[in-house]
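A.B. asks: Starting off with a structure, shown below.
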Amino acid sequence: MGVEAAARVVADADVLVADLCCDGASRAAMDHVRRHDWVTLVASDHLLDDAAAVIATLTDASLAADWRERIEREREPVDHPATDHPGLASAYRGRAAHLLSFDEGLGSVDAGANLNRRMSVSVRTPDAFARLFDAESLYEATVGGEYPGPDRDPRA
């Protein structure tokens with residue numbers, strides 16, 4: 001996996017829902033992604049379908065549709081079989097280095113060892129990602145040159 005993969009992030013459906021519906025670690029993590037045009041959010045249609053269904057259940061269909069319209073513009077789409085885990089498959093097919101998830105099973109040592117036999121991905125909770133995200137060093141490693149600072153408003 002190349003250096004550019006380090007700037008590719010997948011947020012599992014639970015993280016996407018929490019980003020929209022709650023103020024907290026998921027929003028802080030996703031703000032890191034949205035703040036930089038050189039960081040890519042990768043997500044399959046299956047992943048977005050899962051998140052939109054939960055959003056519609058928790059809020060209403062209108063908000064879910066509005067969210068889906070916006071996230072379509074923000075993400076890089078990837079395809080995978082419907083039977084695959086949407087977050088893992090998005091990370092694998094999208095060559096992403098980071099998978100944000102609340103799924104404790106995915107974040108376990110055993111899961112990490114098994115995953116790293118097939119792909120190079122770091123599974124982290126949104127809180128851990130938000131704390132550890134270092135835009136300056138990531139920019140230098142993936143883009144090169146001096147970090148110019150954030151280039152987008154995460155709320156726009």
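The values are calculated or read from the model by the stated rules, or taken from the named source; none is laboratory data. All of these numbers come straight from a predicted model, not from anything done at the bench. Heads up, the Cβs are rebuilt from the backbone with ideal geometry, glycines too, and the neighbour counts pull from every protein chain shown.
A.B. asks: Identify, from the list ALA51, ALA56, ALA43, the residue that is small (Gly, Ala, Ser) and surrounded by fewer than 20 Cβ atoms within 10 Å (Cβ to Cβ).
C.D. replies: Values: ALA51 fails: surrounded by fewer than 20 Cβ atoms within 10 Å (Cβ to Cβ); ALA43 fails: surrounded by fewer than 20 Cβ atoms within 10 Å (Cβ to Cβ).
Going through ALA51, ALA56, ALA43 in turn, the sole match is ALA56.
A.B. asks: Just need a number here: residues in the stretch 9-40 that are among the charged types (D, E, K, R) and buried (at least 23 other Cβ atoms within 10 Å of the Cβ).
C.D. replies: Matching residues across the stretch 9-40 total 2.
A.B. asks: Among the residues of the stretch 134-153, is there at least one that is under 26 Å from ASP49 (Cβ atoms), among the aliphatic types (A, V, I, L, M) and at pLDDT below 95?
C.D. replies: No, the stretch 134-153 has no match at all.
A.B. asks: Next question, about the same structure. Would you confirm, using the coordinates I've provided, whether ALA56 is closer than 21 Å to PRO150 by Cβ and modelled with pLDDT of 95 or more?
C.D. replies: Spelling it out, it is not the case that ALA56 is closer than 21 Å to PRO150 by Cβ and modelled with pLDDT of 95 or more.
A.B. asks: I would also like to ask the following. Is the stretch 113-128 home to any residue that is of a type in the set (Lys, Arg), modelled with pLDDT under 90 and farther than 18 Å from VAL17 by Cβ?
C.D. replies: yes
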